[in-house]
Amino acid sequence: MGGTEWAHYVETSIEVAGDPLEVSARLAEAGPHGEFVIYEKDGQWSYAGGVLAEVTLDRDGARLGGVRTARLPWSDRPLRQVKELLGMVPVRGWRAYGAATFELSYAKDGDLKHVDDQPLLHLVVPKSEVRVGSGRAWVRSTDPDTLAVLVDLLGRPAEGRESDAVPLDVRQTGRDEYRAAVAGAVQDIADARLQKVILSRLVQVDEDIDLVGTYVLGRRRNTPARSFLIRLGGLEAAGFSPEIVVSVTEDGTVVSQPLAGTRALTADAATNDRLRGELLSDEKEIYEHAISVKVGNDELLTVCEPDSVGVRNLMTLEERGSVQHIASRVTGKLSAGHDAWDAFSAVFPAVTASGVSKEAAYEAIRRYETERRGLYSGAVLTVDESGAMDAALVLRTVYRQDGRTWLRAGAGIVGRSQPDREFEETCEKLDSVARFLVAAEIKAEVPA
């Protein structure tokens, strides 16, 4: 790396009292960094604060900023460029955190015509990092003073928060427009233009929302595969991801987790049992799930050893907040010459948030949806220097950017879809977040 000065993390480990969720919220609210990513995986919460280095990808190419700078013009393998730039980060043992937008799917397949000037991928290697779980916190920072601040925050007594939700009625807007879009897509499927498409709708949130409070309350009421809270590059989001796009371990084990097929999850056990039976016997829902699993299997075959690819836990049920889904796991082992970025490229965007075929689904999405998706149905992800990667599908999320706050959810449309039922499915999914929005506190002005 020539004359680039290497950064070094100072680290420690301490005991931590209290709920890791509350500890993470404390770091978000009172921590020393204005930009951060919080990411929950398998009982561990990670906080990544500040920017030591960052990699951004847009239609002009990939850029490395922070303690070292570099720029690569757009190529036909943009994610390979991202990997190259991350390899230039002058610190050992890094982990990068960040987000990919849905529109990355167009760009990585060579379609820049439908990509605007917004970032497609934004990853940061943080100045400070905290990982909390099982009563301990592992803490590191490139600045010893910042490390001391973080240790002090982590050592404070746990304080439970009381937050009242301001539920949003998601059934009052967009019904007619969404039903018309579904009907159009069903006709497209009848005309053999595609087999399946996920069509989404957006719901504005007019209330001023406390995103940290919403994250805490929403996480307590949801059972996600992953959760996240981000404030990065002008975008804020709090989400409860029902599934992963892909997970890749250091040894090359790859897992994707298609969830497709949905019914509501209520407070009544008998109702849930009835809906569960209905879900598992509904030909439309089973077909929707089956074709998604087939695509997931075929995608892993492009980067994994053929004999290693298979479906595990076929058509189990997963409870995710206000809904229950049919779920399967597709696994494989990376073949020689392939890495985590190849696996991510093969499966992104998730088939359960795009459609079959993906190319035809992209066209339908642009035809029937009125706004770019951005982070919705993209990914929040972590990437390690070791080669490991974990990417959560961005659904069940509240977004805020440029003074605007919104929710978004979709439903999988196939030939047997009914517009009214698909609209109701979007409502069931939106309720995973809409019922747990926490209003921001109005701070009284102090007279001069």
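What the table below lists for this structure:
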| quantity | calculated |
| --- | --- |
| Within region 72-103, backbone nitrogen closer than 18 Å to the virtual label 7 Å beyond the Cα of GLU5 toward Cβ | 89-92 |
| More than 14 angstrom apart: percent of Cα pairs within region 1-52 | 64 |
| Segment GLU29-ASP145, length gained on full extension (0.36 nm per residue, minus Cα span) | 39.9 nm |
| Relative contact order (percent, whole number), region 260-313, Cα cutoff 8 Å, 6+ residue spacing | 30 |
| Residues of region 329-348 with amide N under 15 Å of the 7 Å Cα→Cβ point at GLU305 | 331-339 |
| Peptide ranges 89-98, 372-381 listed from the most packed, as the mean C-beta count within 10 angstrom indicates | 372-381, 89-98 |
| Ascending count of other beta-carbon atoms within 10 Å, so fewest first, for THR214, THR316 | THR316, THR214 |
| Förster-model FRET efficiency, 25 Å R0, LYS284 and SER335, C-beta, rounded to 0.05 | 0.10 |
| For the chain, size of Cβ-based charge dipole, Lys and Arg +1, Asp and Glu -1, in debye | 400 |
| Amide H partners (placed H, <5 Å) of LYS41, local residues excluded | SER46 |
| Positive-end residue of LEU229, LEU211, ALA192, charge dipole of region 173-284 with Cβ unit charges | ALA192 |
| Contact order relative to length of region 1-125, as percent, for alpha carbon pairs under 8 angstrom and 6 or more apart | 25 |
| Local electrostatic count, ALA70, Cβ distance below 11 Å [Lys/Arg +1, Asp/Glu -1] | +2 |
| Rg [Å, one decimal], Dmax [Å, integer] - region 365-448, C-alpha atoms | 18.0, 65 |
| FRET efficiency, THR316 to ALA158 (Cβ-Cβ, R0 25 Å, nearest 0.05) | 0.10 |
| 20 Å cut-off, amide nitrogen to a point 7 angstrom out along THR173 Cα→Cβ, residues in region 406-434 | 406-411, 423-434 |
| The chain - Rg and Dmax from Cα coordinates, angstrom | 21.6, 73 |
| Spin-label pair TRP74/TRP138, simplified geometry with 7 Å Cα→Cβ offset, distance in nm | 3.9 |
| Region 37-118, dipole about Cα centre (Lys/Arg Cβ +1, Asp/Glu Cβ -1), debye to the nearest 20 | 440 |
| Net charge of neighbours whose Cβ lies under 12 Å from the Cβ of ALA165, counting Lys and Arg as +1 and Asp and Glu as -1 | -2 |
| Residue-span extension gain [ASP206 to MET88] - 0.36 nm each, minus C-alpha spacing | 38.2 nm |
| Potential lengthening between LYS294 and ARG221 on full extension [0.36 nm per residue; Cα-Cα distance subtracted] | 23.1 nm |
| At most 15 other Cβ within 10 Å, DSSP loop - chymotrypsin sites (Phe, Trp or Tyr not before Pro), region 1-63 | TRP6 |
| Choice from ASP117, ASP76, ASP60 with maximal GNM fluctuation in the chain (Cα, 10 Å cutoff) | ASP117 |
| Average Cα contact separation per residue, the chain, under 8 Å, 6 or more apart, as relative contact order % | 22 |
| Least to most buried among THR382, THR370, THR426 (fewest other Cβ within 10 Å first) | THR370, THR382, THR426 |
| GluC sites (Glu not before Pro) lying in DSSP loop within region 1-100, provided at most 10 other Cβ fall within 10 Å | GLU5 |
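Here, each number is a calculation from the coordinates, and none is a lab measurement. Not measured: the values here are computed from a predicted model. Counting neighbours? That spans all protein chains shown, and the Cβs are built from the backbone with ideal geometry, glycine included.
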